[in-house]
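Each remark here refers to the structure printed beneath this line.
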Amino acid sequence: MNRELIQQMQSHFDSLAHKLDDGTEFWFARDLQTQLGYTTWQNFSTAIKRAIESCETAKFDSSDHFSAVTKMITLGKGGLREIDDLMLTRYACYLIAQNGDPRKEPIAFAQSYFAVQTRKLELIEDRIRLQARFEVRDRLRESEKTLSQNIYERGVDDAGFGRIRSKGDAALFGGYTTQEMKIRFGITQSRPLADFLPTLTIAAKNLATEMTNHKVSHDDLHGELPITSEHVLNNKSVRQMLGQRGIKPEELPPEEDIKKLERRVKSDEKRLEKQSGKLPETGNYISKTNIP
């Protein structure tokens, strides 16, 4: 997501913000629907219900953050029409975004925009990069889980999976095995290497693993040796592709422990809930939105 697009989205979301007399920021759900890429109110309502469940699961009072209102909108010829809407605090908007598909740019942006109590572009960009690292790490976990299940059904046990993955890493990292990369980066041997890798390297590992998953299933590979050969070949292919752009994965510096960052995000979420304020009881509002 480039800076120009981020600035455009920031401007759109800023323009939709409202403030109560006590300074509490809020957004109307129907205003956010389009910005978040939902074409129907029904589909967006489903996302809102999931967000309310998330709020209550976190043991917060959802009525503080999701307030039903009757909203009067101005029609094209000057008439008024009554519609149901919701007032949403920043925390509510964050939860709605978290329950959306991060592969969609408006959702990915909203996850970061509502997570930070600031409109500084640099901090929003930092959060977007952090969120991208989380997402690609989750995808790698899923692809490795799928590979483990696939090869277990084809005669490879957990120890064999470890050997296959380590040899794949050696192919990706220019000869360095998983354990050697941990030593190189000063990582405790019991921790996953991927938790300390930059986003690009995690994505590279995921691509190679997904390629192996495809070939194992498509070619019906059985046994440790042929699956190892396939995984090594796929990692070499990914390394070659990176090398064409002058990138050597083993030379990219490690990043902060992703588990530590995840704990920090959880702590930030609790702080966000407190700082978002509370919404009033249900009420009526006049909207200046013109509908032809």
Worksheet item: Is it fair to say residue 90 is within 20 Å of residue 17 (Cβ to Cβ), touching a residue at least 60 places away in the same chain (Cβ under 8 Å) and out of contact with any Pro (no Cβ under 7 Å at 6 or more places or on another chain)?
Response: yes
Discussion item. Being aliphatic (A, V, I, L, M) and either at pLDDT 95 or above or part of a helix (DSSP H, G or I) (or both): is that true of residue 279 here?
Written reply: no
Item to complete: Sort through 30, 50 and tell me the only one that's in a helix (DSSP H, G or I), in contact with an Asp or Glu (Cβ under 9 Å, 6 or more places away or on another chain) and modelled with pLDDT of 90 or more.
Response: 30
Fill in: Boolean, residue 37 is closer than 15 Å to residue 278 by Cβ and assigned to a loop (DSSP other than H, G, I, E, B)
no
Worksheet item: What pairs can you find where one residue is in the range 223-246 and assigned by TED's automatic domain parsing to the domain that holds residue 151, the other is in a helix (DSSP H, G or I) and among the acidic types (Asp, Glu), and their Cβ atoms are less than 9 Å apart, with a gap of 6+ or different chains?
Response: 234/210; 235/169
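Yes or no, residue by residue, for (1) in contact with a helix residue (DSSP H, G or I) (Cβ under 6 Å, 6 or more places away or on another chain); (2) in a loop (DSSP other than H, G, I, E, B); (3) aliphatic (A, V, I, L, M); (4) surrounded by fewer than 17 Cβ atoms within 10 Å (Cβ to Cβ):
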site: 207; (1), (2), (3), (4): yes, no, yes, no
site: 226; (1), (2), (3), (4): no, no, no, yes
site: 234; (1), (2), (3), (4): yes, no, no, no
site: 240; (1), (2), (3), (4): no, no, no, yes
site: 255; (1), (2), (3), (4): no, yes, no, no
site: 261; (1), (2), (3), (4): no, no, yes, yes
site: 271; (1), (2), (3), (4): no, no, no, yes
Discussion item. If residue 33 meets every condition in (1) over 21 Å from the mean Cα position of the chain (by Cα); (2) closer than 22 Å to residue 101 by Cβ apart from one, which number is that one?
Written reply: (1)
Discussion item. Of everything in the range 173-185, what is without any contact (Cβ under 8 Å) to a residue 40 or more places away in the chain and either of a type outside the set (A, V, I, L, M) or part of a loop (DSSP other than H, G, I, E, B) (or both)? Give them in sequence order.
Written reply: 175, 177, 178, 179, 180, 182
Worksheet item: For residue 211, are the conditions met, namely being at negative phi, hydrophobic (A, V, I, L, M, F, W, C) and either free of Cβ contacts under 8 Å to residues at least 12 places away in the same chain or in contact with a Ser or Thr (Cβ under 8 Å, 6 or more places away or on another chain) (or both)?
Response: yes
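The values are calculated or read from the model by the stated rules, or taken from the named source; none is laboratory data. Keep in mind that what you see is a predicted model, and the values were worked out from it rather than measured. Every residue, glycine among them, receives a Cβ derived from its backbone with ideal geometry; neighbour counts consider all protein chains shown.
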